[in-house]
Amino acid sequence: MRTFSIMRVLQFPLIKITGCFVLGLLLAHFTKPPFFISSIALIIGFISVLITYKLPRKSIIPNNYFGIAALFTAFTIGIFAFASHNPTRNNHHYIHYITSQKKICTAIICINEKLKNSIANNRYVAQIKTLNGKESYGKILLNIKKNKNIPNFDIGTSLKIIGLFDTNKSLKNPNQFDYWNYLENQQIYGQVYVQSSNIKIGTFQDKSIAYYASILRNRIIKNLEKNHFHKSELSVVVALILGQQQDISPEIVRDYQYAGAVHVLSVSGLHVGFILLFITFLLKPFPNTKNGTVIKLIIVITFLWAFGILAGLAPSVLRSVTMFSFVAVGMYLRRSINIYNTLAVSVLLILLFQPSFLFDVGFQLSYVALYFIVWLQPLLASVWKPKYKIVNYFWEIITVSFAAQIGTFPMSIYYFHQFPGLFFVTNIVILPGMSLILGLGVIVMFLAAFDWVWSPLLKVLEWSIWLLNKIIAWVASFEDFIFKDISLHFYTMWGLYLVIFSFIIWMKKPTYFKFIVCLFTLVILQIITLQIRYSNQNVEELIVFNKKGGSSITERYGDKVMEYSSEDIQNNTKENLVLKSYLVANYCILKKRKSIPNLLYFKNKRILIIDSLGVYLEKDRPDILILINSPKINLDRLFQYWKPQKVVVDGSNYKSYCKVWKATCAKEKIPFHDTAEKGFYKL
């Protein structure tokens, strides 16, 4: 019997295997197959590999079927990985104990992660241990009402809480950022709201790696504060090196976004790459013998993962450390590095252990940027060969920056609807200084961990961060170069990528056929754009938005929108992000804004709107009744005159009123739509 050859599998193209694995994840994400079905698919995949391997020379099963079977198996592994990492399949998961309705529960939880605070609450990610006295499981978003007497809890702290538990909700308004979907991709399926008086600190500490990393981070930060490191600069350096962004002011974050440098505030491949170069520089005195090389490799990988753990092993940190660990192995073992296979292996390993990372925007942007830097940057750099090293150094920075921006441009516009026009200026100025800042920062953090801080070095780092913030603020001040509210459809994004890929392939090795393909992709992009525009022109809809404390109703005819809104919303036009998201996503413009009338006509529907005055006429027989601003009316009495086809209430009404109205409509068998529960209403 032949022994199974591992090399045969390893020689199979890793990029194809990773691609099929990712397709399996995508299919599982959208179809949500049961764990049993995914297990059967995986078994079938492995059986197909064994059969095609055992009988490769037989005419019944040709040899190339082994490759097809291997790809199919990678596909089934992706399905199985997604299904097996779904925590809700565990019968003890808290999602099985609470309903979609808010419910008061008692729980014992353990703090996993500190998040940026909201205006009203201190926020954490916590792991549930028990719920109402029963063993339970799962990550939950913990919201603690702000109180001067409540401390900031450390990672690993156990708490006994009594709070209002709620599962994730659907979108409340059209085209909003789906925060609940984002939480579910982080395997967080609910949240709990707690008053400080309903919290008891437990004696148990979950002493995981994250616990010790948190203690070390807190120790470093306290030592820096003790040595009078300025607060605004400290928040930036803690984000740069320790990966903690909770204390950065919104103004600083906005400046980095407008300057096209927000990636600097999140520990990513840029930071880990600099750390790798810095450690490699420090290890130069080591001998390049066989043993010396192995020792250096062990030191480098140890430092990279120590840095990753210190930074909290966030998704961006985890993928970057994994990626550069493979690069380090190639560097120190003096083997040729196929960077595309390196990227594929790092993607495969990360998604194998954390499939949900695939749907993280940072993960997507990071790998797209890395791919385009590897693929496109050499082509851009070959356009001009500067004679002087210093000029070439800045030219390399420009080409790297342009390659990354070209690759991430469609995706960035699709997700964020804005583009920083001066990104290349920002990168030319700050990237050369980043190596100095990160090197200094690592040294200062290392010394601070041992309760020793050298003031001159500390001041140099503080001044460097101060200067970095000033430069970023200066670039961000040129608001005319910040392109905002850019509309881009999902299909248009893929059309743009099709054009970009075809033109780069043509530029690498120009041929007449490739040029024709480029023109063809441009035609496809135009067809997609025209189709979307045509579809939008034929849309007519009325939407009742869910606005807490206010009312907003829009009529849309094609790309023109009329808004009827309450005075508080009209007076805060710039803050109406709900309407802004709707306009941008649907290629629309706001033609006019008016006060809310009592009667509207839309698509042969008569719509009666009753506000806080509670005024209506008995002869008004509406098809749809909309209640806003908590009118004091008795629906039982009103339904004696006429019964509408539907009753709609928005977020401006008292919850107690909505509850009574809902019961009345149920009794009369009239459909009831509460935007606070079901989200926006669309006609």
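The values are calculated or read from the model by the stated rules, or taken from the named source; none is laboratory data. Because the structure is a prediction, the values reported are computed rather than measured. Cβ coordinates were reconstructed from backbone atoms using ideal geometry, including for glycine residues, and neighbour counts include every protein chain displayed. Ligands, DNA and RNA are excluded from the accessible area calculation, which covers all protein heavy atoms including side chains. Shrake-Rupley method; radii C 1.70, N 1.55, O 1.52, S 1.80 Å.
Name the pairs: first residue in the stretch 193-210 and part of a strand (DSSP E or B), second residue open to solvent by less than 100 Å² (accessible area, probe 1.4 Å) and of a type in the set (Gly, Ala, Ser), Cβ to Cβ under 6 Å, at least 6 apart or on different chains?
Final answer for the pair search is Tyr193/Gly163; Val194/Gly163; Gly202/Ser158; Phe204/Ser158; Gln205/Gly156.
For Trp395, indicate whether it is among the hydrophobic types (A, V, I, L, M, F, W, C) and crowded, with 17+ Cβ neighbours inside 10 Å.
Values: among the hydrophobic types (A, V, I, L, M, F, W, C): yes; crowded, with 17+ Cβ neighbours inside 10 Å: yes.
Considered against the rule, which asks whether it is among the hydrophobic types (A, V, I, L, M, F, W, C) and crowded, with 17+ Cβ neighbours inside 10 Å, Trp395 comes out as yes.
Listed here are the residues, each with its yes/no results for (1) within 21 Å of Glu184 (Cα to Cα); (2) at pLDDT 85 or above; (3) of a type in the set (D, E, K, R).
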{"site": "Ser48", "(1), (2), (3)": "no, no, no"}
{"site": "Phe66", "(1), (2), (3)": "no, no, no"}
{"site": "Phe72", "(1), (2), (3)": "no, yes, no"}
{"site": "Gly78", "(1), (2), (3)": "yes, yes, no"}
{"site": "Ala107", "(1), (2), (3)": "yes, no, no"}
{"site": "Leu115", "(1), (2), (3)": "yes, no, no"}
{"site": "Tyr124", "(1), (2), (3)": "yes, yes, no"}
{"site": "Ile128", "(1), (2), (3)": "yes, yes, no"}
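When you scan the stretch 581-611, how many residues do you find that are open to solvent by less than 30 Å² (accessible area, probe 1.4 Å), under 22 Å from Ser630 (Cβ atoms) and touching a residue at least 40 places away in the same chain (Cβ under 8 Å)?
If we filter the stretch 581-611 for residues that are open to solvent by less than 30 Å² (accessible area, probe 1.4 Å), which is where we start, we get 582-584, 586, 588, 600, 602, 607-610.
Next cut, under 22 Å from Ser630 (Cβ atoms) only: 600, 607-610.
Adding the requirement that they be touching a residue at least 40 places away in the same chain (Cβ under 8 Å) leaves 600, 607, 609.
Selection size over the stretch 581-611: 3.
Which ones in the stretch 477-529 are surrounded by fewer than 18 Cβ atoms within 10 Å (Cβ to Cβ), under 24 Å from the mean Cα position of the chain (by Cα) and not in a helix (DSSP H, G or I)?
If the condition is that a residue be surrounded by fewer than 18 Cβ atoms within 10 Å (Cβ to Cβ), under 24 Å from the mean Cα position of the chain (by Cα) and not in a helix (DSSP H, G or I), then Phe483, Lys484, Asp485, Ile486, Ser487 are the ones that fit.
From the residues in the stretch 305-321 that are open to solvent by 20 Å² or more (accessible area, probe 1.4 Å) and within 19 Å of the chain's Cα centre (by Cα), which one is modelled with the highest pLDDT?
Filtering first and then ranking leaves Leu318.
Exactly one of (1) assigned to a strand (DSSP E or B); (2) charged (D, E, K, R); (3) at pLDDT below 85 is unmet by Glu541. Its number?
The one condition Glu541 does not meet is (3).
Quick one: in the stretch 25-41, of everything that is in a loop (DSSP other than H, G, I, E, B) and closer than 12 Å to Ser84 by Cβ, which residue is least open to solvent (accessible area, probe 1.4 Å)?
Here is the first cut: in the stretch 25-41, the ones in a loop (DSSP other than H, G, I, E, B) are 32-34.
Among the residues that remain, those that are also closer than 12 Å to Ser84 by Cβ are: 33-34.
Values: Pro33: 32, Pro34: 80 Å².
Ranking the qualifying residues of the stretch 25-41, first place goes to Pro33.
Specify which of the listed residues (Ile248, Ile279) is within 19 Å of the chain's Cα centre (by Cα) and modelled with pLDDT of 75 or more. Break it down stepwise before answering.
Details: Ile279 fails: within 19 Å of the chain's Cα centre (by Cα).
Sole residue among the options that is within 19 Å of the chain's Cα centre (by Cα) and modelled with pLDDT of 75 or more: Ile248.
With the requirement that a residue be more than 16 Å from Ser118 (Cα to Cα), out of contact with any helix residue (DSSP H, G or I) (no Cβ under 8 Å at 6 or more places or on another chain) and surrounded by fewer than 18 Cβ atoms within 10 Å (Cβ to Cβ), what does the stretch 131-169 give you?
The answer is Asn132, Gly133, Lys134, Glu135, Lys160, Leu164.
How about the stretch 595-683: which strands (runs of 3 or more DSSP E) wholly inside it have at least 3 residues that are under 16 Å from Tyr564 (Cβ atoms)?
Details: elements: 599-602, 605-610, 624-627, 646-649, 672-674.
Strands (runs of 3 or more DSSP E) meeting the threshold: 599-602, 605-610, 624-627.
Just to be sure, is Asn185 touching a residue at least 12 places away in the same chain (Cβ under 8 Å), open to solvent by 40 Å² or more (accessible area, probe 1.4 Å) and closer than 27 Å to Tyr414 by Cβ? If you could, list the steps in order and put the result at the bottom.
On the way: touching a residue at least 12 places away in the same chain (Cβ under 8 Å): yes; open to solvent by 40 Å² or more (accessible area, probe 1.4 Å): no; closer than 27 Å to Tyr414 by Cβ: yes.
Criteria not met by Asn185.
Looking at the stretch 4-26, which of the residues that are aromatic (Phe, Trp, Tyr) and at pLDDT below 85 is farthest from the chain's Cα centre (by Cα)?
Residues of the stretch 4-26 aromatic (Phe, Trp, Tyr): 4, 12, 21.
Add one more test, that the residue is at pLDDT below 85, and what stays is 4, 12.
Values: Phe4: 41, Phe12: 32 Å.
The selected residue is Phe4.
So if I check each of Leu431, Leu468, Leu457, which one is open to solvent by less than 70 Å² (accessible area, probe 1.4 Å), in a helix (DSSP H, G or I) and under 16 Å from Ile220 (Cβ atoms)? Give the steps one after another, and end with the answer.
Working: Leu431 fails: under 16 Å from Ile220 (Cβ atoms); Leu468 fails: under 16 Å from Ile220 (Cβ atoms).
Of the residues listed, the single one that is open to solvent by less than 70 Å² (accessible area, probe 1.4 Å), in a helix (DSSP H, G or I) and under 16 Å from Ile220 (Cβ atoms) is Leu457.
Across the stretch 648-683, which residue is most open to solvent (accessible area, probe 1.4 Å) among those that are of a type in the set (A, V, I, L, M, F, W, C) and more than 36 Å from the chain's Cα centre (by Cα)?
Val660
How about the stretch 228-304: which helices (runs of 4 or more DSSP H) wholly inside it have at least 1 residues that are over 22 Å from Phe446 (Cβ atoms) and open to solvent by less than 10 Å² (accessible area, probe 1.4 Å)?
Working: elements: 231-242, 250-258, 269-282.
The helices (runs of 4 or more DSSP H) meeting that bar are 250-258.
What residue, among those in the stretch 171-190 that are in a strand (DSSP E or B) and touching a helix residue (DSSP H, G or I) at 6+ places or on another chain (Cβ under 8 Å), is nearest to Asn143 (Cα to Cα)?
Gly190
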